[in-house]
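Here is the structure we will look at, set down as structure tokens.
The values are calculated or read from the model by the stated rules, or taken from the named source; none is laboratory data. In this text the structure is predicted, and so the values were computed from the model without any measurement. Quick reminder, even Gly has a Cβ in these numbers, built from the backbone with ideal geometry, and neighbours come from all protein chains shown.
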């Protein structure tokens, strides 16, 4: 027998299938199908942890996902462990390791329990009010100490070795909840021909039939009917049944997130299986069948281990075959707890008394209790309990006062009635409505295409509820467009269990006494007194009460506590409960792992890494890469013994002395085709394109409508009606989007089409005095002489036998080419070029050298030397703005008063007086270094490098009216010194540009 | 994730395929070079950003790549209708139940 | 004069194989691809030149006997894929206004086949790829994980996933991960 509290012949588990698991340092036995909670209870263990704030001993409250107390650390090994797992949900597998949390040094003796004695200091709002001063102490002293003492489990420190998967699923009808009504709705919808997904958070469907053994459906036990229907559903092609699957988030337009726990119950899961699956379901119709959650009674010391919900005790008995005690007291305001008492009594458990706050409970129940020999104490209350690590007795007395009596118990089960689980409905943005007659919040108007059925909709009668659910399921199928199917009629159903009776707020035992701990929210240690205090302190909105007390803000989201908290606040405010309102339910319904949420998107799949066709060669030749957006770009190519600085100096020198090869593939490219192509480019760029002949190219500037520089690049005219446009690497997608926007919405009359060709072409820049010597021998059909193919021209021909668009252009100031070849040929052509380049003493260079070389020539980089507030004039690019064009994007924006006024920051060169000093990019520039702080800053450094070719540092920056300050001295104040700089023009090498034509 | 009806693809498609591109029915002045500073301000900077009915542009950027217009209720996040770029503004009205519908459309 | 060695084509996914129980992932053979843009009113002339009927309804595709495949991507946009012929050359003679741009090397493709093919592709794609909504012959531009793709359903259990070259490593990785759980 696995556990002393296992009752022979009770429950649905197979006793022969035993498992062993570890709880703290003990090895315990469980039965296949046990939850961690049921296995512990079978072994007589109620104490599972310490509470959040007061470190009070706590045990299982529930048998389901609403559990606030029994949170444990569960895992297979040191790496695969998860804190804060609800013992009432986690199934036991062989070899499972579990640990209690929030206790030190041990579960039975916990130093933090002193908080309990000091509890008058820890009332609601205590943190807000106490640790206010001195401010500095908050970060250094208060917060670390509070954080260490509070909190629950400890996060794992190792990376998660498991994997998770994602599935987008579409269906006609999603049914949330596999209890009686969910099953009924699912079967009806499936028979009507709908594609159905049914999910249930438990390992087995059946919902309340887990405990409600006195129900019959269609002449068989409710449980058996549920399993039969489930098997029928599983066999249907149009149905997917997902157990161990929680619907945790209901988003817009019936987009519902489900998480399926795939391996968490298996001792040796197949490693190919994901630990969890995220199902992103899009359903035409949703049937919400989420049932109801039982409330506890709020009275003094209602949190001792052994005190739990009546339905939980009944589940442990009827499903798991485990009794929660030998002498079980009952405290209730609801009929259903009586059924639990009867079941326990009939299983041989002593029931010392049923205490019912109602003065006149249902005579039939009273008669039945008498028959079973159970004492009934009607109109009475449990006023207090005793027991340190487990409840020992309950103090009972009349609700009206008078004498009391202590009744010894080793467990106490309770019920304050049932709260319809409206979480999913509320997440769907539906507004709950207070039902005066049954004193509860129920779903109101459906905002999305959904319907609530069963207990979550307040349907109490089993037979009626199943029939209504079948109708709802059928209608959902029809509404989702199903026609082919047939009607399915729900069978008759009835139950002996009654759900009548309810109380909200504190019972007699909670008292007005300010020292009594009558818990409302177990997980956050919120008592009735805290809520009263919050109201007294002026929190009159339930949202304020919630945040002041943290009631309902724990990971259980107040499933058992919200209504009690609301009722106590309403009583204090002397307002009807519905007027105080209900807080909003938010996703996730229960905690969801980060693993499930990110699923595939981690490691290499966290973000795409884009590589050029030449990446492999670059890697093999020692390139160090830098990230440019998602691209990996060769940054520099260090040779043996070189650091970055030395490598870049060598590359810079080699390009100007001999030649260099650079991978420019990542530049954005757009093919602009159509008879109106030039006219369209006239509108997109500041330049004029009419006179550009086919075979020539030109540098263009693109503005936004506000007149600021948006992008730039070289545009080649391939034919009268065809342009090859290039953009910056980072600008490629947004420039395409920007151009499409204008083309489709402002200039749709133009006959032109845009196609992204960024990835069609591999681009190999060959730059330097020997560029032609390197390229020409590999090229066919193109006369590459200076006369035939001058600077800024483009030709179509062949290189290495494959097609090329050969540009003569330069971003280095040297004569050079950009060889475009279809991308799959990129590597082969690069290698052929490299063979020649290497023999001639040229080098491969990376983006750093490219940056230095272009800065030596004063060529700007959009996004570095401009920042979205720079006009063409600011950047010294007025020459590229056509003066006679009637229109282009930005033509009006760039004439705005502020953009043409004096005092704008203009791009200039900056030469440090000490040529050895390299300025910091971003450093501020001032005119007078002797001002008091804060100084008047007149600009900043945008680009700054050591230039080996100039033998000194070079820099560019934007400075107020900078072009009028040529030759003037300005200052760059740094923390340790002030650097003197001279304002220069932006070209540092070959001011006449003769090298371009070399 | 919203579902958005693309008037070109003629079906509802997941929001991940779309990009919102700002307020709709703001036409770039034909003689933009000649407009006053005030007119430019109104055209380029001033946006309504209403609570409730909003006219906005979307692009089915990862689908058919077309720009189109939508009427949406910013309170409920619900799309009332979508229509092709260049088509006239669709008028809507709010019913007693608070739900927006296209004016004159059969209920 | 140096020898002009003929450069060879290196596909970005050359040599990759992948899949799991229920699904195989195979890089598609090199192909000629054209992005064709035109007014749908001119579809007839273009169809004639191409030797197949240009589809003019959303998500439609067409295929001719020579294996030429064309997918509707937008009201004036088609993707043409041909492993044998040269659609660009065929389009040269068309006088009707159009834009034909060679994107043979811009895209690459992964063939996903097997009874878990649909689930594998669906794992990263929010669009409904079920038989009812996305039957054989359907084609769409959409997203898969964090990238844009074109998905073509070429057979009951066969999908072609086209993506830009530099995203193919991500696409292959994403499909490989999804493949592991395709029989869920």
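Output yes when any residue across the range A:236-243 is in contact with a strand residue (DSSP E or B) (Cβ under 9 Å, 6 or more places away or on another chain), farther than 26 Å from residue A:12 by Cβ and surrounded by 17 or more Cβ atoms within 10 Å (Cβ to Cβ), and no when none is.
yes
Considering only residues that are assigned to a strand (DSSP E or B) and within 8 Å of another protein chain (Cβ to nearest Cβ), look in the range B:37-67 and name the one that is nearest to residue A:898 (Cα to Cα).
Per the criteria, the residue is B:57.
Within the bounds of the range C:129-136, is there any residue that is modelled with pLDDT of 95 or more and under 30 Å from residue A:666 (Cβ atoms)?
no
Scan the range A:846-905 for residues that are in contact with a helix residue (DSSP H, G or I) (Cβ under 9 Å, 6 or more places away or on another chain), within 24 Å of residue A:747 (Cβ to Cβ) and not in a helix (DSSP H, G or I) and jot them down.
Matches in the range A:846-905: A:871, A:872, A:881, A:882, A:885, A:886, A:887, A:888, A:889, A:891, A:892, A:896.
Only one residue in A:222, A:177 is over 29 Å from residue A:484 (Cβ atoms), buried (at least 24 other Cβ atoms within 10 Å of the Cβ) and touching a strand residue (DSSP E or B) at 6+ places or on another chain (Cβ under 9 Å), so which one is that?
None of the others qualify; the one that does is A:222.
Which numbered condition trips up residue A:353, out of (1) surrounded by fewer than 24 Cβ atoms within 10 Å (Cβ to Cβ); (2) in contact (Cβ under 8 Å) with a residue 60 or more places away in the chain?
Residue A:353 satisfies every listed condition except (2).
Filtering the range B:19-36 down to residues that are more than 9 Å from every other protein chain (Cβ to nearest Cβ) and under 30 Å from residue C:148 (Cα atoms), which residue is farthest from the chain's Cα centre (by Cα)?
B:26
Just to check your reading of the model, which residue among A:301, A:318 is buried (at least 22 other Cβ atoms within 10 Å of the Cβ), in contact (Cβ under 8 Å) with a residue 40 or more places away in the chain and either under 46 Å from the mean Cα position of the chain (by Cα) or not assigned by TED's automatic domain parsing to the domain that holds residue A:62 (or both)?
A:318
Give me the pairs, please: first residue somewhere in the range A:204-228 and outside the structural domain of residue A:346 (by TED's automatic domain parsing), second residue anywhere and surrounded by 24 or more Cβ atoms within 10 Å (Cβ to Cβ) and at pLDDT below 95, beta-carbon distance under 9 Å, and either six or more positions apart or on two chains.
Between residues of the range A:204-228 that are outside the structural domain of residue A:346 (by TED's automatic domain parsing) and residues that are surrounded by 24 or more Cβ atoms within 10 Å (Cβ to Cβ) and at pLDDT below 95, the close pairs are A:217/A:490; A:218/A:490.
Please give the strands (runs of 3 or more DSSP E) falling wholly within the range A:608-711 in which 1 or more residues are buried (at least 19 other Cβ atoms within 10 Å of the Cβ).
A:631-636, A:660-663, A:668-673, A:697-703
Please state which of the following conditions residue C:122 fails to meet, knowing it meets all the rest: (1) farther than 20 Å from residue A:670 by Cβ; (2) surrounded by fewer than 23 Cβ atoms within 10 Å (Cβ to Cβ); (3) within 14 Å of chain B (Cβ to nearest Cβ).
(2)
If we scan the range A:787-797, do we find a residue that is within 14 Å of another protein chain (Cβ to nearest Cβ) and either farther than 26 Å from residue A:851 by Cα or in a helix (DSSP H, G or I) (or both)?
Yes - at least one qualifying residue is present in the range A:787-797.
In the range A:35-62, how many are over 20 Å from residue A:414 (Cα atoms) and either in the same structural domain as residue A:267 (by TED's automatic domain parsing) or touching a helix residue (DSSP H, G or I) at 6+ places or on another chain (Cβ under 8 Å) (or both)?
Going through the range A:35-62 one residue at a time, the tally reaches 4.
Here's the yes/no breakdown for (1) at pLDDT 95 or above; (2) buried (at least 16 other Cβ atoms within 10 Å of the Cβ):
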{"residue": "A:922", "(1), (2)": "yes, no"}
{"residue": "A:940", "(1), (2)": "yes, yes"}
{"residue": "A:957", "(1), (2)": "yes, yes"}
{"residue": "A:971", "(1), (2)": "yes, yes"}
{"residue": "A:978", "(1), (2)": "yes, no"}
{"residue": "A:992", "(1), (2)": "no, no"}
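Which ones in the range A:827-838 are over 25 Å from residue A:950 (Cβ atoms) and in contact with a helix residue (DSSP H, G or I) (Cβ under 9 Å, 6 or more places away or on another chain)?
A:827, A:829, A:830, A:831, A:832, A:833, A:834, A:836
When the residues of the range C:127-168 are filtered to those that are out of contact with any strand residue (DSSP E or B) (no Cβ under 8 Å at 6 or more places or on another chain) and within 12 Å of chain A (Cβ to nearest Cβ), which remaining residue is farthest from residue A:633 (Cα to Cα)?
Here the residue is C:132.
With respect to residue A:838, is the statement that it is away from chain C (no Cβ under 14 Å), free of Cβ contacts under 8 Å to residues at least 60 places away in the same chain, over 30 Å from residue C:39 (Cα atoms) and surrounded by fewer than 18 Cβ atoms within 10 Å (Cβ to Cβ) true?
Answer is no for this residue.
Which one of these is within 14 Å of chain B (Cβ to nearest Cβ), within 17 Å of the chain's Cα centre (by Cα) and surrounded by fewer than 18 Cβ atoms within 10 Å (Cβ to Cβ): C:60, C:71?
Sole residue among the options that is within 14 Å of chain B (Cβ to nearest Cβ), within 17 Å of the chain's Cα centre (by Cα) and surrounded by fewer than 18 Cβ atoms within 10 Å (Cβ to Cβ): C:60.
Is there a residue in the range A:929-948 that is within 22 Å of residue A:651 (Cα to Cα), assigned to a loop (DSSP other than H, G, I, E, B) and either in contact (Cβ under 8 Å) with a residue 60 or more places away in the chain or within 44 Å of the chain's Cα centre (by Cα) (or both)?
yes
For the range A:473-488, which positions are more than 37 Å from the chain's Cα centre (by Cα) and either surrounded by fewer than 16 Cβ atoms within 10 Å (Cβ to Cβ) or in a helix (DSSP H, G or I) (or both)?
Once the filter is applied, which keeps residues that are more than 37 Å from the chain's Cα centre (by Cα) and either surrounded by fewer than 16 Cβ atoms within 10 Å (Cβ to Cβ) or in a helix (DSSP H, G or I) (or both), the range A:473-488 yields A:483, A:484, A:486, A:487.
Looking only at the range A:750-773, decide whether some residue is within 12 Å of chain C (Cβ to nearest Cβ) and without any contact (Cβ under 8 Å) to a residue 60 or more places away in the chain.
No, the range A:750-773 has no match at all.
For every residue, the table says whether it meets (1) more than 14 Å from chain C (Cβ to nearest Cβ); (2) modelled with pLDDT under 95.
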position: A:524; (1), (2): yes, yes
position: A:530; (1), (2): yes, yes
position: A:536; (1), (2): yes, yes
position: A:572; (1), (2): yes, yes
position: A:579; (1), (2): yes, yes
position: A:587; (1), (2): yes, yes
position: A:608; (1), (2): no, no
position: A:621; (1), (2): yes, no
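Please count how many residues of the range A:489-516 are surrounded by 20 or more Cβ atoms within 10 Å (Cβ to Cβ), assigned to a loop (DSSP other than H, G, I, E, B) and at pLDDT 90 or above.
7
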